[in-house]
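Comments concern the structure below.
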Amino acid sequence: MKTFIVKTLGCKVNQCESEGIARTLIESGLEPVDGDLDAADIVIINTCTITAKAGMQSRQAVRQAIRAYPEARIVVTGCHAQIAPGELHDIDGVDWVVGNGDKHKIPEMLRDTASLPLMADESLHDRTDIALVDRFQGPPGIAHGSRTRPFLKIQDGCNAFCTYCIVPHARGRSRSMSQDQVIAQVGQLGRLGYREVVLTGIHLGCYGHDLHPTTDLYSLLCRIRDAGAVERIRISSIEPAELSDEIIDLAASGNTERGRLCRHFHIPLQSGDDGILERMHRPYGRDYFKALVLRILERVPDAAIGVDTLIGFPGESETAFQNTYALIEVLPVSYLHVFPFSPRNGTPAFSFKDQVPFPEVKQRCQRMRELGAKKRMAFYERFVGKAVDVLVEGTRDRNDLRLKGLTDNYIPVKIEGPDAYYNTRRKIRITAISGDGSTEGVVC
Ligand code: SF4
Ligand code: F3S
């Protein structure tokens, strides 16, 4: 039996796709092997290109795989394979370079591995133009991660072309899994015993706009709730302009309702300065964002609101940075993800003139991260002494061997307890905030 390994860089969407490819290969009779222990006949490297560094790490991963598995056929796919196929093709030892447009064909390509031809040259010329791909493709992508809260990819691509972002070039236009297929996948996960599913995609707020007839995320979430196959559903991230009051209200309904949307919204702000937002080509301003956060908390007072910020965009003066800082400071958001801007070749912002010197970017990121830590602490503190509903994960903390779990509003909680608590929901009283960015509690 032929053996294979899939190595994945980048985001959850890439992980979902890798698991989808692996599952299809297993169904075709190939055997997955442990990356560190065994030899493999085929190594698939699913790359990322979000920054120049991610591209470099992808190339490194390819070289490492060639060294570690000298006998294996090497297949390179993913976003870096889409953006820079020639660069990967030039690495001695690469057999196939498969862009995102053809990624879903990999299992078919590898089905008869004995006759797998060395086609690196051809694979360069036969690539599907990703900009023309208009249908959701591939085997259903589910990343099992912690094995308690699987991620299901329901959408791919993006039409927004923010001026710093390479993703629309790497993944093409927005396209969605059909509602029926999403319902079937969530139903299957429910039957497998999962209590929560995280819906993921590149631009989830565009879900359904490409389908015939068109639909949207709200109507999908309603169908998932009505089907009630899982206890809770989470959306991984949603753009500010696409988080409607209807969606917010779905999270406001009772905690016991099956299929209810988690009280957790992860919203990319990027900058709190209107001038910078405009240069980023983001379709909202700081006042809109502020009103959105306040509206969420008015309707869902205990909601977790996570915010992405992109710091040091070209032209970001100290005043513009302060506008971002001050906006976050006044808003009761729960946590921040802080990303330093790094110019990505192939995007307009790469050649914007007024780049911020890197030491300045670093220092601003540090200030934002400190603010983020304070926000997180303040959010957790609100729940100390309170009883919360926790979905306990299927693994223990590696260091202290306690059980780990997550509330629907994204508070990590550690408790003492037996293995029988795995994948169950428990009422937990939060007793303290622990030093490791988590909280601790006791079973009520
Ligand atoms: Fe990139 Fe903007 Fe699309 Fe997000 S919305 S994937 S940042 S282009
Ligand atoms: Fe990277 Fe592509 Fe995801 S660029 S972050 S793997 S969408």
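When we screen T431, T407, T439 for residues that are surrounded by fewer than 16 Cβ atoms within 10 Å (Cβ to Cβ), among the polar types (S, T, N, Q) and touching a strand residue (DSSP E or B) at 6+ places or on another chain (Cβ under 9 Å), the only hit is T431. When the residues of the stretch 96-128 are filtered to those that are modelled with pLDDT of 85 or more and open to solvent by 20 Å² or more (accessible area, probe 1.4 Å), the one that is nearest to ligand 1 (Cβ to nearest atom) is H104. When the residues of the stretch 257-284 are filtered to those that are modelled with pLDDT of 95 or more, assigned to a loop (DSSP other than H, G, I, E, B) and out of contact with any Leu (no Cβ under 6 Å at 6 or more places or on another chain), the one that is nearest to P301 (Cα to Cα) is R263. Summed over the stretch 183-198, the residues that are in contact (Cβ under 8 Å) with a residue 24 or more places away in the chain and either of a type in the set (G, A, S) or within 16 Å of ligand 1 (Cβ to nearest atom) (or both) give a count of 3. The residue that is most open to solvent (accessible area, probe 1.4 Å), among those in the stretch 1-21 that are closer than 14 Å to G138 by Cβ and touching a helix residue (DSSP H, G or I) at 6+ places or on another chain (Cβ under 9 Å), is V6. Scanning the stretch 146-161 for residues that are away from ligand 2 (no atom under 15 Å from the Cβ) and open to solvent by 30 Å² or more (accessible area, probe 1.4 Å) yields S146, R147, R149. From the list L217, L204, L211, L250, pick out the single residue that is open to solvent by less than 10 Å² (accessible area, probe 1.4 Å), touching a strand residue (DSSP E or B) at 6+ places or on another chain (Cβ under 9 Å) and away from ligand 1 (no atom under 12 Å from the Cβ). Just one listed residue meets the conditions, L217.
Within the stretch 169-182, being in contact (Cβ under 8 Å) with a residue 40 or more places away in the chain, closer than 16 Å to P213 by Cβ and in a helix (DSSP H, G or I) holds for Q179, Q181, V182. Within the stretch 1-36, if we keep just the residues that are in a loop (DSSP other than H, G, I, E, B) and within 16 Å of ligand 2 (Cβ to nearest atom), the residue that is nearest to S237 (Cα to Cα) turns out to be C11. Among what's in the stretch 314-341 and is more than 22 Å from the chain's Cα centre (by Cα) and under 25 Å from S236 (Cβ atoms), pick the residue that is surrounded by the fewest Cβ atoms within 10 Å (Cβ to Cβ). If we take residues in the stretch 314-341 being more than 22 Å from the chain's Cα centre (by Cα) and under 25 Å from S236 (Cβ atoms), then P332 is surrounded by the fewest Cβ atoms within 10 Å (Cβ to Cβ).
Out of all the residues in the stretch 243-256, is one or more modelled with pLDDT of 95 or more and either under 30 Å from E316 (Cα atoms) or touching a Ser or Thr at 6+ places or on another chain (Cβ under 8 Å) (or both)? Yes - at least one qualifying residue is present in the stretch 243-256. When the residues of the stretch 288-313 are filtered to those that are part of a helix (DSSP H, G or I) and open to solvent by less than 10 Å² (accessible area, probe 1.4 Å), the one that is farthest from I50 (Cα to Cα) is I296.
In the set (1) closer than 25 Å to I267 by Cβ; (2) open to solvent by 30 Å² or more (accessible area, probe 1.4 Å); (3) of a type in the set (K, R), R191 fails one condition alone, (1). Scanning the stretch 162-182 for residues being within 9 Å of ligand 1 (Cβ to nearest atom), open to solvent by less than 30 Å² (accessible area, probe 1.4 Å) and over 16 Å from the mean Cα position of the chain (by Cα) gives a total of 2. Only one of the listed residues (R234, R258) is among the basic types (K, R), in contact (Cβ under 8 Å) with a residue 40 or more places away in the chain and more than 16 Å from ligand 1 (Cβ to nearest atom). That residue is R234. Filtering the stretch 37-51 down to residues that are within 19 Å of the chain's Cα centre (by Cα) and more than 8 Å from ligand 2 (Cβ to nearest atom), which residue is surrounded by the most Cβ atoms within 10 Å (Cβ to Cβ)? Among those that are within 19 Å of the chain's Cα centre (by Cα) and more than 8 Å from ligand 2 (Cβ to nearest atom), it is I45.
The values are calculated or read from the model by the stated rules, or taken from the named source; none is laboratory data. What you see is a predicted model, and the numbers here were worked out from it, not measured in a lab. Here Cβ is always computed from backbone atoms with ideal geometry, including for glycine, and neighbour counts include all displayed protein chains. Accessible surface areas use protein heavy atoms only, side chains included; no ligands, DNA or RNA. Shrake-Rupley method; radii C 1.70, N 1.55, O 1.52, S 1.80 Å.
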